[in-house]
Amino acid sequence: MAKSNNKKSKKKLFIFGGLGLLVAILIAFAIFGGNKEEIVLVQVEKVQKRDITQIVTATGKINPEFKVIINPEVTGEIIELPVKEGDFVKKGDLLIRIKGDQYKAQMERMEANLKATQAALKIREAELNRLEKEFARVKELQSKDLASDSELETAESNFLTAKASYQQAQANVLQARAQLREIMDTLNKTKIYSPMNGTITNLNVELGERVLGSGFSQGTNIMTVSDLNNIQAVVDVDENDVVLVSIGDTAIVQVDAFGDREFKGKVTEIGNSAKTSGLGSQEEVVNFEVKIKLFELDPNLRPGMSCTADIRTETVHNVISVPIQSVTARTDFESRMGDKSEDEDENLQADNMKEKDNKKPKEVVFIVENNTAKMVEVKTGISDDNYIEIKRGLEGGEDVVSGSYRAISRQLKDGSKVRIEEKRKSGRMEKRG
């Protein structure tokens, strides 16, 4: 019995001893293995001085700078259409003639009415002259007591009545003349002439078609005459970018139909009213119309072609710059967190929650010195597609971390050990340091 108990005691001793040894190994691994510093793989680029041009990109359409949409002022059938789409016309050339027989008939009627009112005016004038002389004669006789007061009053009344009739006849003549001028003006509007030199870029009617005059809403849109010697790009600029654009800014315009060919231009107009699409939805977009006059023209440019414009809003010369991706935003507690484990992150977040609320993100870059990352706060300026201006924080010549995105945005912290990767011409990465 005692021998059996002795064996059980030795067995327990071995079990607990083994467990203790295992715990000791785990603790030692946690202490020595946990203290092993992680090395972050990064790419670097020299901080240099460059010329940087800030660019606002927008899309839109090619349009003539000057164009006139032709709408008739009278209603009728098209009886003459001497132009077709694409024709060049000069100022004063006939564009269209509308049947005006009804207006001719009205004009003849108004001419007859004018003659009748003029004849009536002559009759009233003769009657007025006669009664005026009669009134003067009776007045002279009454002054010599050769005519009674009633005779004088009757003569005066007849004269004044004739005078009023004469004035009415004059008004009738003026009215008839105005009606005649109105119908003659309407008749003249049956012929439409080109208001300028240009090209017929849009023709919407055919010979024999009936058109509506502008008395009916806006009337029929007959055609568009455009000056293709003055072409502009009309683009929509986002509300956040339009404040960067100024009159006179240069622009490079690429027209989809011309491939990579570039047209130079200048901003001539910036819209004051917004163009909103998707109003009230999550896809609501607010743009402002910007017009860019093109300096280089091509006879194959057509109104309505799609284009993309790069507007150069500002340029700075010989300034310290770094790759755009090198600049990241960090708070003080984020820089201390680095790339810790999830448990450590949660504990550190809980301990520094109030500190986080009071800290604003700062723009920083990481430079590499002796295979160690150093976090440097910077003040940035304008940027182009690849580089951003550094106004404060760097002197130039430093090795700034330019990749990877995960390293810059999350892994790196002040004092992190790094290993620099360089791109070979083949595209593979090699390690140095």
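Take the Cα of GLU85, step 7 Å toward its Cβ, do the same at LYS104, and the gap between the two points is 3.3 nm. In terms of overall dimensions, the C-alpha atoms belonging to the stretch 101-189 reach 66, 13, 13 Å along their principal axes, ordered largest to smallest.
Expressed as a whole percent, the proportion of Cα-Cα pairs in the stretch 138-292 lying more than 23 Å apart is 72%. Taking label positions 7 Å along the Cα-Cβ direction at both GLU140 and LYS264, the computed distance is 9.2 nm, reported to one decimal. Close amide H contacts of ASN197 (hydrogens built in the peptide plane, cut-off under 5 Å, sequence separation of 5 or more or a different chain): LYS91.
Using Cβ point charges alone (K and R +1, D and E -1), the dipole size of the stretch 141-293 about the Cα centre works out to roughly 700 debye. Once the chain from ASN318 to SER281 is taken as fully extended at 0.36 nm per residue, the excess over their C-alpha distance is 8.9 nm.
Of interest is the spacing of the C-alpha centroids, which for the stretch 165-197 and the stretch 392-418 amounts to 82 Å.
Residues of the stretch 50-66 with an amide N closer than 16 Å to a point placed 7 Å from the Cα of ASP256 along the Cα-to-Cβ direction: 58-63.
Compute the whole-percent fraction of alpha carbon pairs in the stretch 133-227 spaced more than 16 Å apart. Value for the stretch 133-227 (Cα pairs over 16 Å): 75 percent.
The simple Förster model, with R0 at 51 Å and r as the Cβ-Cβ distance, assigns ASP51 and ILE25 a FRET efficiency of 0.25.
With 27 Å as the limit on Cα-Cα distance, the pairs of LYS61/LYS189; LYS90/LYS191; LYS275/LYS360 that go past it are LYS61/LYS189; LYS275/LYS360. For a Förster distance of 35 Å, can you work out the FRET efficiency between the beta-carbons of GLU206 and ASN300, rounded to the nearest 0.05? My answer for the efficiency is 0.85. Sorting ARG410, ARG181 from the fewest to the most surrounding beta carbons within 10 angstrom yields ARG181, ARG410.
Once the C-beta distance of SER157 and GLU182 is scaled by a Förster radius of 41 Å, the resulting FRET efficiency is 0.65 to the nearest 0.05.
Values quoted throughout were computed directly from the atomic coordinates according to the rules given, and no laboratory measurement underlies them. Since this is a predicted model, take the numbers as computed values, not measurements. Reconstructed Cβ throughout: ideal geometry from the backbone, glycine too, with neighbour counts over all protein chains shown.
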